[in-house]
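Worksheet for the structure shown next.
The values are calculated or read from the model by the stated rules, or taken from the named source; none is laboratory data. Bear in mind that the values here come from a model prediction, so they are computed numbers and not experimental data. Reconstructed Cβ throughout: ideal geometry from the backbone, glycine too, with neighbour counts over all protein chains shown. Ligands, DNA and RNA are excluded from the accessible area calculation, which covers all protein heavy atoms including side chains. Shrake-Rupley method; radii C 1.70, N 1.55, O 1.52, S 1.80 Å.
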Amino acid sequence: MSHNCRNILVRCMDFRLHEAIEKWLVIHSYVGDIDLVSVAGACKTFVADPDSVEAGFLFRQIELSHELHGSNRVILTQHEDCGAYGGTAAFASTEDAKKYLVDDMRKLKEKISAKWHGMDVQMLWIYQKDGGWDFEEVS
């Protein structure tokens, strides 16, 4: 029996995001076609210490999805008020936090693109809106 999927989602393990991410997956027809990788801070550990065990774990998950399931797209996410980064209090403003976390996504995107040529890498910023969470694709 073949079990392939085209997509990998790298997300923060933060429980507050689970429902919103599940809805986003349904809306964008990813259910049944995506491997999910949950890591505290999503991109943080890889960028802060690319030689760490945690960074190796993240890359290995992407590698396994690519090799075993034929995945050819990685969707990276970062979110507002991420505890792994120190939460909202660690930044002067929400704009500063977004800039910093999106920059980490860009750094990880570069590493993924260099390692897996032709791998499509998308980036999503998840932010609080009207008492819930919303998604913004960033470049």
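Is it the case that some residue within segment 112-128 is among the aromatic types (Phe, Trp, Tyr) and assigned to a helix (DSSP H, G or I)? No, the conditions are met nowhere in segment 112-128. In the set (1) in contact (Cβ under 8 Å) with a residue 24 or more places away in the chain; (2) of a type outside the set (Phe, Trp, Tyr); (3) within 14 Å of Ile8 (Cα to Cα), Val138 fails one condition alone, (3).
Taken as a whole, the condition of being among the small types (Gly, Ala, Ser) and either touching a helix residue (DSSP H, G or I) at 6+ places or on another chain (Cβ under 6 Å) or without any contact (Cβ under 8 Å) to a residue 60 or more places away in the chain (or both) applies to Gly118.
For segment 85-92, does any single residue satisfy the condition of being in a helix (DSSP H, G or I), surrounded by 13 or more Cβ atoms within 10 Å (Cβ to Cβ) and modelled with pLDDT under 95? Show your work before the answer.
Taking segment 85-92 first, the residues in a helix (DSSP H, G or I) are 85, 88-90.
Subset that is surrounded by 13 or more Cβ atoms within 10 Å (Cβ to Cβ): 85, 88, 90.
With modelled with pLDDT under 95 added as a condition, the list becomes 88.
Yes, some residue in segment 85-92 is in a helix (DSSP H, G or I), surrounded by 13 or more Cβ atoms within 10 Å (Cβ to Cβ) and modelled with pLDDT under 95.
Report those helices (runs of 4 or more DSSP H) wholly inside segment 9-82 carrying at least 3 residues which are open to solvent by 80 Å² or more (accessible area, probe 1.4 Å), more than 20 Å from Asp120 (Cα to Cα) and modelled with pLDDT of 95 or more. Please lay out each step first, then the result.
Working: elements: 18-27, 44-48, 53-69.
By residue number, 18-27.
Pairing residues of segment 37-52 that are polar (S, T, N, Q) with residues that are part of a loop (DSSP other than H, G, I, E, B), at Cβ distances under 9 Å and at least 6 apart in sequence or on separate chains, gives Ser38/Cys12; Ser38/Met13; Ser38/Asp14; Thr45/Val39; Thr45/Ser52.
Look at Ala97 and say whether it is touching an Asp or Glu at 6+ places or on another chain (Cβ under 8 Å), open to solvent by 10 Å² or more (accessible area, probe 1.4 Å) and of a type in the set (A, V, I, L, M). Yes. In the condition set (1) free of Cβ contacts under 8 Å to residues at least 60 places away in the same chain; (2) more than 21 Å from Lys99 (Cα to Cα), Asn7 is compliant with all but (1).
Can you find, within segment 121-133, the residue that is nearest to the chain's Cα centre (by Cα) among those that are touching a residue at least 24 places away in the same chain (Cβ under 8 Å) and over 18 Å from Gln61 (Cα atoms)?
The residue in question is Leu124.
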